[in-house]
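**Q** Sharing a structure, written as structure tokens. Questions coming.
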Amino acid sequence: MKKIILGISSSISAYKACDLTRLFVRDGYSVFPLLTENAAQLVSPLALEVLSGNSVYAETFPSERREMVHIELKKDADLFLVAPATANIIGKMANGIADDLLSTTYLSVKCPVLLAPAMNPDMWSHPAVQANIEKLKERGVNFIDPASGLVACGDEGTGRLADINDIFNAAKKLV
């Protein structure tokens, strides 16, 4: 069974990770959800645990575990997928900042990485975000571009999380 680490950062579209998890599990993948602290405010860790059948990871050093979670998670991983990937997590990844479980895990994986960005259109088009994306692409990180349309704040433009089926199909091509 293929192992996917599903990183979820704090975009309002974080709830779509539940549908993505369901697609992977239905297709025979083993999904290990990994949430940033803020993402856990937007999507239920319990829902992800039920849908994935696996523990949900959010703390770098949980009190009930002795091992380093980011090292445990990366073992036998076939894909590290971050959906949604915010400007914040993209910036951390591009610059080697490891101050939470998601960014720390990224620095430890050896498997393919796929990011599905989701953010306000003005954030998406900001030169700093675009520079971080280019830096990651140069390092071999794969991207599925965001969609255009109305975003949660009411602005319109490119920045919406790509369609879940498109993310699912892009991920399957990498594992």
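**Q** Once you put a point 7 Å from the Cα of Asp99 and another 7 Å from the Cα of Val175, both along the Cβ direction, what distance in nm separates them?
**A** 3.1
**Q** Mind checking which lysines have their C-alpha under 22 Å from Lys3, skipping anything on the same chain fewer than 8 residues away?
**A** Lys16, Lys74, Lys75, Lys110, Lys172, Lys173
**Q** Amide H to amide H, which residues 5 or more places from Phe143 or on other chains are under 5 Å from it, using H placed in the peptide plane?
**A** When sequence neighbours closer than 5 places are left aside, the close amide H contacts are Leu115.
**Q** Also, I was wondering about something else. Per residue of the chain, what 222 nm ellipticity follows from adding -39500 (n - 2.57) for every DSSP H run with n ≥ 4, rounded to the nearest 500?
**A** Taking each H run of at least 4 residues, the total per residue is -10500 deg cm²/dmol.
**Q** Also, quick follow-up: Taking the beta-carbon count within 10 Å as an exposure proxy, list Arg139, Arg160 from fewest neighbours to most.
**A** Values: Arg139 10, Arg160 23.
In order of increasing Cβ crowding within 10 Å: Arg139, Arg160.
**Q** In nm, what is the difference between 0.36 nm times the number of residues separating Arg139 and Thr158 and their Cα-Cα distance?
**A** Full extension from Arg139 to Thr158 adds 4.5 nm.
Every number here is computed from the coordinates shown, using simple stated rules; none is lab data. On a predicted model such as this, the values are computed, not experimentally measured, just so you know. Every residue, glycine as well, gets a Cβ built from its backbone with ideal geometry; the counts of neighbours run over all protein chains shown.
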